[in-house]
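Below you'll find the structure, written out as structure tokens, and then a few comments.
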Amino acid sequence: MEHLWAPWRIEYILSKKPEGCIFCTKPGEKRDEENLILYRGVHHFIIMNAYPYNNGHMMVVPFRHTSKLSGWADGEREEMMELADLAVELLRHTMHPDGFNLGINMGIVGGAGIADHIHMHIVPRWNGDTNFMPVISDTRVISEHLRATYANLKRGLEEML
């Protein structure tokens, strides 16, 4: 049996799970570093994924609780794409990936762990980042602690803006 250490997971495992939508409550707490929120726009925010596919995995999330793209106010769709572009450029600036996967999660069968609050994933990819671990053993190795990645990305964001 293989054992991989992921010490940051114990905090989530032992914590009391919040009620309601975390995409609604986290921005309201005004504890951006603790909640891994990197940037706040007018309609959306950029937050790191606490359970990433790769280092630097971020999401663009509307402040408004919505599960669909229809009915958005002027500027909401545009800002989602602007913040996705900012996230991509931030990753290029700080982590130098070879490519990206971007995708919007809508609904539980769309892959959304939070089905009733739409969000866009930005996942940096590197040549060779898929090796035998996820392919053969269904295990992904994240090489940097989330807090260290957050600090690097936040510093890079300040350099860019």
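The values are calculated or read from the model by the stated rules, or taken from the named source; none is laboratory data. Just so it is clear, the structure is predicted and the values come from calculations on it, not from any experiment. Positions of Cβ are generated from backbone atoms using ideal geometry, with glycine treated the same way; all protein chains shown enter the neighbour counts. Side chains included, ligands, DNA and RNA excluded: accessible areas come from the protein's heavy atoms. Shrake-Rupley method; radii C 1.70, N 1.55, O 1.52, S 1.80 Å.
Restricting to region 70-101, what's the tally of residues that are loosely packed, with under 13 Cβ neighbours inside 10 Å and hydrophobic (A, V, I, L, M, F, W, C)?
1
Can you work out which of the residues in region 26-36 that are part of a loop (DSSP other than H, G, I, E, B) and in contact (Cβ under 8 Å) with a residue 12 or more places away in the chain is most open to solvent (accessible area, probe 1.4 Å)?
It comes out as GLU33.
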